[in-house]
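S.K.: Let me begin by handing over the structure; questions about it come next.
The values are calculated or read from the model by the stated rules, or taken from the named source; none is laboratory data. Not measured: the values here are computed from a predicted model. Note: accessible area is taken over every heavy atom of the protein model, side chains too, but ligands, DNA and RNA are not part of it. Shrake-Rupley method; radii C 1.70, N 1.55, O 1.52, S 1.80 Å.
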Amino acid sequence: MAERVHPRDSPPVSEEHAVVKPQSPPSEKPVPPPGTYVIKIPKDIIHRVPPPENARRYEQYTRKSQRRNRRCCCFCWFIGIIFILIVLLGITAGIFYLVFRPKAPNYSIENINIRGINLTSPSSTAAISPEFDVTVKSDNPNNKIGISYLKDSSAEIFYKDVRLCNGVLPAFYQPSNNVTVFKTVLKGNGIKMRSEDLKAMVTAQSKRKVPLMVKLRAPVKIKAGLVKTWKITVKVDCDLTVDRLMVDAKIVTKDCNFSVDLW
C-alpha cells in the first residue's frame with residue numbers, strides 16, 4: 001500500500017524572498033466647493049460649445065424678446081386702464097342721467113324790430129347801417145339743472161351770405177324750470193350789398209317773405225346740484241322769415257336748431 005504523504009507546514013518565507021504587491025495610491029477625488037453640485041453625463045453624449053458669434057446672437061435675441069414682452073405688457077396695461085376709465089365714465093353718466101334726467105333747453109326768436117334799411121330807393125353804391133332789436137326766449141325744462149350764461153357770447157344776423165349786424169347776449173343765470181325772455185341790440189355799420197342782393201331783398205319784401213338767418217353763440221356752464229361743468233358753447237341757428245324790414249316787422253315763419261360744443 002502506498003503511503004500517504006501529508007503536507008508539512010511550509011517554512012516561513014524570509015523577508016528577502018517575500019513578494020511585495022505594489023499598492024495603488026489612494027484616489028483623490030476633487031471635492032466641489034460648497035453650494036455647488038456635480039452632474040454626471042454619460043460618455044456617449046457629446047456636448048459641443050457653440051461658437052462666440054452664436055452666443056452673441058442668442059443674447060441679442062433674448063434681449064429683443066425681453067423688450068418685446070415689456071412692450072406688450074405695457075400696452076396691455078394701457079388698454080386695461082383705458083377700458084376701466086370708459087366703464088367708470090359710462091357708469092357715472094348713467095347715474096347722472098337717472099338722477100337728473102337732463103333735457104335740452106329750447107330757444108326761439110319771439111320778436112324783431114328793424115331800422116336802418118331803406119328799400120324804397122335802393123342804391124348799389126350806398127352803404128347801409130342796420131339795427132335789429134331781437135327778443136330771444138330761453139326755456140330750461142330741467143328740474144334739477146341750472147344754466148349759467150357767461151360773457152364772450154355773440155349774435156349775428158345774415159341775409160344770404162351778407163352779415164347785416166352783430167352784437168352780444170347778456171350774461172345771466174337761469175335756474176331750473178325757468179323761462180327767460182331777454183332783448184339784445186345788434187348793429188351794423190357801413191354794410192355794402194351787391195346790386196343783385198338788393199334787388200332780391202326788394203322782391204322778397206314785396207312778397208312779404210324776407211329770409212334771415214340768426215346765429216347765437218353763448219358759452220355756458222351747467223350746474224347740477226353742487227357740481228358745475230366746464231365751459232360749453234351753445235349754438236342756436238334760427239331761420240326766420242319776416243314780412244318787412246321795418247320797425248313793425250312781424251315774424252312769418254321761424255325754425256331754430258340747437259347744438260353744443262363740449263370742448
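S.K.: So what's the range 71-224 giving for Rg/Rh, alpha carbon basis, Kirkwood Rh from the mean inverse pair distance?
M.R.: 1.21
S.K.: To the nearest 10 square angstrom, how much accessible area does CYS256 have with a 1.4 angstrom probe?
M.R.: The accessible area of CYS256 comes to roughly 40 Å².
S.K.: Next question. Given the pairs LYS215/LYS254; LYS192/LYS250; LYS103/LYS250; LYS187/LYS215, which span a C-alpha to C-alpha distance of over 19 angstrom in this model?
M.R.: Going by Cα-Cα distance, LYS192/LYS250; LYS103/LYS250 fall outside the 19 Å limit.
S.K.: With a ≥ b ≥ c taken as the square roots of the eigenvalues of the C-alpha gyration tensor of the range 198-247, please select rounded if a/c is under 1.5 and otherwise prolate if a/b is larger than b/c or oblate if it is not?
M.R.: Note, shape of the range 198-247 comes out prolate.
S.K.: A follow-up question, please. In the full protein assembly as shown, how much of LYS250 is accessible to a 1.4 Å probe, in Å² to the nearest 10?
M.R.: Rounded to the nearest 10, the figure is 140 Å².
S.K.: Right, something else. Can you give the Kirkwood hydrodynamic radius for the range 105-195, in Å, rounded to one decimal and based on Cα pairs? Please report the intermediate quantities before stating the final value.
M.R.: Details: mean 1/r = 0.0670 Å⁻¹.
Result for the range 105-195 stands at 14.9 Å.
S.K.: Keeping all protein chains in position, work out how much accessible area PHE158 exposes to a 1.4 Å probe, and write it in Å² to the nearest 10.
M.R.: 40 Å²
S.K.: Continuing with this model, one more query. For a test of the definition: using alpha carbon positions, the gyration tensor, and the 1.5 limit on a/c, classify the range 167-209 as rounded, prolate or oblate. Intermediate results must be reported in sequence, preceding the final value.
M.R.: Details: a/c = 5.57, a/b = 2.20, b/c = 2.54.
Here the range 167-209 falls in the oblate category.
S.K.: Let me ask something else. Go through SER129, SER108 and list them by solvent-accessible area, largest first, probe radius 1.4 Å.
M.R.: Values: SER129 60, SER108 20 Å².
From most exposed to least exposed: SER129, SER108.
S.K.: Given a 1.4 Å probe and every protein chain left where it sits, what share in percent of the accessible area of the range 117-203 is carbon and sulfur?
M.R.: So the carbon and sulfur contribution to the accessible surface is 49 percent.
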